[in-house]
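The values are calculated or read from the model by the stated rules, or taken from the named source; none is laboratory data. In this text, all values refer to a predicted model and were calculated from it rather than measured experimentally. Cβ placement follows ideal geometry from the backbone for every residue including glycine, while neighbour counts extend to all protein chains displayed.
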Amino acid sequence: MEKAYFAHESAYVDDGCQIGRGTKIWHFCHIMKGAVIGERCIFGQNVLVADGVVIGNNVKVQNNVSIYTGTTVEDDAFLGPSCVLTNVSNPRSQIVRHELYEKTLIRRGQPSELTRPLSAASSWGDTVLSRPGRWSPRACPITRS
């Protein structure tokens, strides 16, 4: 049976992920089991989509992007080159926090040109929410919670 999406021969697409019709996955990407990707998305080279990530339809992900567990990207969003969507606000190598992963939400149609990590427990797009002391895109109004 022919796949409804395209994955370059150098991409790793794990069993157990869902990928929508017309999606294109380019060189050296890794789509992990449990990831859910909508239709007509494009993933540039060297993109990581972790387990538990949900990506809507018609999302464009540029080269070298990392999207970690707990992230939801709504329809029509754009993730710029080398952005990182984290799931821990203050990561430390010696502390295991798998049960404490935080959520990150990229709202419908939101362009992101981040070249630094977006901290966990953030939301931006139609409504921007960010914890105090966390970096958010300058172009968006920030509401602290």
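Tabulated values for the structure
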{"read-out": "Members of region 1-24 that are touching a strand residue (DSSP E or B) at 6+ places or on another chain (Cβ under 7 Å) and closer than 24 Å to Lys103 by Cβ", "value": "Asp14, Cys17, Gln18, Ile19, Gly20, Thr23"}
{"read-out": "Extreme residue, surrounded by the most Cβ atoms within 10 Å (Cβ to Cβ), among residues of region 23-40 that are touching a Cys at 6+ places or on another chain (Cβ under 8 Å) and not charged (D, E, K, R)", "value": "Ile31"}
{"read-out": "Extreme residue, surrounded by the most Cβ atoms within 10 Å (Cβ to Cβ), among residues of region 1-22 that are part of a loop (DSSP other than H, G, I, E, B), modelled with pLDDT of 95 or more and not small (Gly, Ala, Ser)", "value": "Tyr5"}
{"read-out": "Cβ pairs under 6 Å, 6+ apart, first in region 59-87 and under 15 Å from Ile31 (Cα atoms) and in contact (Cβ under 8 Å) with a residue 40 or more places away in the chain, second in a loop (DSSP other than H, G, I, E, B) and among the polar types (S, T, N, Q)", "value": "Gly70/Asn87"}
{"read-out": "Of all residues in region 73-93 being among the β-branched types (Val, Ile, Thr) and part of a loop (DSSP other than H, G, I, E, B), the one that is surrounded by the fewest Cβ atoms within 10 Å (Cβ to Cβ)", "value": "Val88"}
{"read-out": "Yes/no for Val88 being touching a helix residue (DSSP H, G or I) at 6+ places or on another chain (Cβ under 8 Å) and not basic (Lys, Arg)", "value": "yes"}
